[in-house]
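The values are calculated or read from the model by the stated rules, or taken from the named source; none is laboratory data. Every value quoted in this text rests on a predicted model; they were computed, and no experiment measured them. Heads up, the Cβs are rebuilt from the backbone with ideal geometry, glycines too, and the neighbour counts pull from every protein chain shown. For the accessible areas, the whole protein counts, side chains as well, though only heavy atoms, and no ligand, DNA or RNA atoms are used. Shrake-Rupley method; radii C 1.70, N 1.55, O 1.52, S 1.80 Å.
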Amino acid sequence: QVQLAESGGGLVQAGGSLRLSCVASRNIYGLNAMGWYRQAPGNEREFIAYITAGGRTNYADSVKGRFTISGDVANRTVFLQMDSLNPEDTAVYYCAANKYNYAYGQGADYWGQGTQVTVSS
């Protein structure tokens, strides 16, 4: 059963934009935060951004000023607007949701299956 469903990945040229979306299934409730991670080939999964149920956001330094997270955690949705993309942003992007794990940005209780983002030079 897919618990977090991502969409919006694809191929874009450097300098372009993409918008990722994620919806959590109805059996997931009481979330405290939702966010995004990414994993490039040969690298570990890394934190990108999160948003809390109260609307607080946090970003990795590598994407500050270029990526914007938004959403409604209570309604189990989160988005990631990615602007000024560069080839180093190429990775599989994972949606994540926190219910029991309060270490936002350091792990999650639920994960999506990932969506590929490829930025060509």
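Expressed as a whole percentage, what fraction of the accessible surface of the chain belongs to carbon and sulfur atoms when a 1.4 Å probe is rolled over the protein heavy atoms?
On the way: 2730 of 6070 Å².
Percent of accessible area from carbon and sulfur atoms in the chain: 45.
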Would any residue of segment 64-102 have its amide N under 14 Å from a label point 7 Å out along Cα→Cβ of Y29? List them or say none.
74-76
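Can you give the relative contact order of the chain as a percent, counting alpha carbon pairs under 8 Å and 6+ residues apart? Show your work: numbers first, answer last.
On the way: 306 pairs, mean separation 43.3, N = 121.
So the answer I get is 36 percent.
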Between G15, Y102, S121, whose Cα lies farthest towards the positive end of the dipole of segment 14-121 when Lys and Arg beta carbons carry +1 and Asp and Glu beta carbons carry -1, centred on the Cα centre?
Y102
